[in-house]
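Asks: Encoded as structure tokens, here's the structure I'll be asking about.
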Amino acid sequence: MRGGVAAARTRPGPAPAAGPARSEPHPLLVAAGLAAGPAIVLGMARFAYGLLLPGMRADLHWSFAQAGAINTANAAGYFAGAMVTPAVSARIGRRAAFVGGAVAVVATLVATAAMSDFATLMTLRVVAGIGGALVFINGMDLCAWLGRGHSSTRAAVLVGLFVAGGGLGIVVSGVVLPPILGLGGRGGWRVGWLAMALLSIAGLVPVWWASGRVGAPPVPRRRHSAGWPARRFVPSLAGYLLFGLGYISYITFVVALLVHEGMGSVVVGAFWVVLGLASIVSVPLWGRAIGRLRGGRGPALVLAVVTAGAALPLLGGGAPVALLSALVFGGAFLAVVTAFTAVAREALPQAQWGPAIAGLTAAFALGQCAGPVLTGALSDAGGVRAGLGVSAGLLTLGALVALLQRRPDAARPGAGGR
């Protein structure tokens, strides 16, 4: 009898309390899921505006300066969001801030499709910018924690995969929007915004799933941030600000230049798809190169390539040169984010990654605030080509300034492996 009981006790059986061990998903898969965040807030909420701008400008009777102000409002919201993200994340957690920001951006896309009032559209773009900052900064922070314990090269690849989500959003908008704009008449831009909203709703699923798979510790609840040594990163802050000034001007107005030069919806759509595909393919590859560079050499190299891509449309040459510009610019501009993040990750302990990413993002957002209005005003005065020429000049200066960033002392606590 006792033997039977003992045998029964030792016999294998279900263990409902403990349950089977669940294997953790691969970090690359989690980073890919997190990448749906940039696909929503960058590719479909911010960058798609470049495709929708000509139709909105014609239908709503805007000047180039007004059209640029719409994106400046988005950048101003992004800047404000970068300022409040550490406090918001500390209060509600990284995941809630990441997912909540994405939901807020999707709501603004739905509302934009129904509005015509300039002030209301400006307000919606501000809200979208705030939500975008919550998504991007927390997503970068989550990816940084996802890559902890790995080499700098592997960590840069994970961050690069996350950032490449913006390229996926560009590809989607490049495939979806031109046919809508071509068939929808002057009001086609409204259908376009609604299409971006519906696609973004689908993107919320991987955003929710992946954000729950990163074992980052809770953000410390502190009244004041622990801070980071910003003075040691002045060249990076200045270079990132100049990148914000230059790149957003290209993204905002390059399609207006192509339309002005008589290129049809097929060429414009192809241009946008090439831009997005180049960024998707190249950002992870850049991650490997950036992981091997130290100090400001990584950002400077990537910015030099971005500058070349931005300058190509100024040479004329029609559709072939335009597509080459999309390939070169698209092949580098999202990697700038990876490059500056790698500078901070290389130099700082893990506890300072979040504040450093937020500080760098704030400088970048500040540049974005001025870029579209500056380029729009110059375009009203001297044509779109003149405005884009200034954009290329600012990117050149950004590359030179970033090169001044020295490699800070590598002997610091919490450094990851290389």
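The values are calculated or read from the model by the stated rules, or taken from the named source; none is laboratory data. All values derive from a computational prediction rather than experimental measurement. Here the Cβ positions follow ideal geometry from the backbone for every residue, glycine too, while neighbour counts run over all protein chains shown. To get the accessible areas, we keep the full protein, side chains included, count just its heavy atoms, and leave off ligands, DNA and RNA. Shrake-Rupley method; radii C 1.70, N 1.55, O 1.52, S 1.80 Å.
Asks: Which numbered condition in (1) open to solvent by 10 Å² or more (accessible area, probe 1.4 Å); (2) assigned to a helix (DSSP H, G or I) is the only one that residue 155 fails?
Replies: Among (1) open to solvent by 10 Å² or more (accessible area, probe 1.4 Å); (2) assigned to a helix (DSSP H, G or I), the lone unmet condition for residue 155 is (1).
Asks: In the stretch 307-316, which residues are in contact with a Phe, Trp or Tyr (Cβ under 8 Å, 6 or more places away or on another chain) and either touching a residue at least 60 places away in the same chain (Cβ under 8 Å) or among the acidic types (Asp, Glu) (or both)?
Replies: Scanning the stretch 307-316 gives a single hit, 310.
Asks: Quick one: what pairs do we get from the stretch 263-274, first residue surrounded by fewer than 17 Cβ atoms within 10 Å (Cβ to Cβ), second of a type in the set (Gly, Ala, Ser), C-beta under 6 Å, 6+ apart or different chains?
Replies: 265/182
Asks: Between a residue in the stretch 87-98 that is touching a residue at least 40 places away in the same chain (Cβ under 8 Å) and any residue that is surrounded by fewer than 19 Cβ atoms within 10 Å (Cβ to Cβ) and of a type in the set (Lys, Arg), which pairs come within a Cβ distance under 6 Å, given they are 6 or more apart or on different chains?
Replies: Pairs found: 90/221.
Asks: Continuing with this model, one more query. Given the residues 304, 289, 319, which is the only one that is in contact (Cβ under 8 Å) with a residue 60 or more places away in the chain and surrounded by fewer than 21 Cβ atoms within 10 Å (Cβ to Cβ)?
Replies: 304
Residues are listed down the side, and each one gets a yes or a no for (1) modelled with pLDDT under 90; (2) farther than 22 Å from residue 368 by Cα; (3) out of contact with any helix residue (DSSP H, G or I) (no Cβ under 6 Å at 6 or more places or on another chain):
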{"site": "3", "(1), (2), (3)": "yes, yes, yes"}
{"site": "30", "(1), (2), (3)": "no, yes, no"}
{"site": "41", "(1), (2), (3)": "no, no, no"}
{"site": "48", "(1), (2), (3)": "no, no, no"}
{"site": "63", "(1), (2), (3)": "no, no, no"}
{"site": "68", "(1), (2), (3)": "yes, no, no"}
{"site": "72", "(1), (2), (3)": "yes, no, no"}
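Matching residues to (1) open to solvent by 10 Å² or more (accessible area, probe 1.4 Å); (2) closer than 30 Å to residue 342 by Cβ:
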| site | (1), (2) |
| --- | --- |
| 100 | yes, yes |
| 105 | no, yes |
| 109 | no, no |
| 114 | yes, no |
| 119 | yes, no |
| 122 | yes, no |
| 133 | no, yes |
| 138 | no, yes |
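Asks: While we're looking at this one, here's another question. Would you mind stating whether residue 360 is open to solvent by 30 Å² or more (accessible area, probe 1.4 Å), of a type outside the set (D, E, K, R) and either assigned to a helix (DSSP H, G or I) or under 27 Å from residue 171 (Cα atoms) (or both)?
Replies: Numbers: open to solvent by 30 Å² or more (accessible area, probe 1.4 Å): no; of a type outside the set (D, E, K, R): yes; either assigned to a helix (DSSP H, G or I) or under 27 Å from residue 171 (Cα atoms) (or both): yes.
Against the criterion (open to solvent by 30 Å² or more (accessible area, probe 1.4 Å), of a type outside the set (D, E, K, R) and either assigned to a helix (DSSP H, G or I) or under 27 Å from residue 171 (Cα atoms) (or both)), residue 360 does not qualify.
Asks: Can you name the residue in the stretch 369-399 that is β-branched (Val, Ile, Thr) and open to solvent by less than 30 Å² (accessible area, probe 1.4 Å) and is also farthest from residue 122 (Cα to Cα) among such residues?
Replies: Among residues in the stretch 369-399 that are β-branched (Val, Ile, Thr) and open to solvent by less than 30 Å² (accessible area, probe 1.4 Å), the one farthest from residue 122 (Cα to Cα) is 384.
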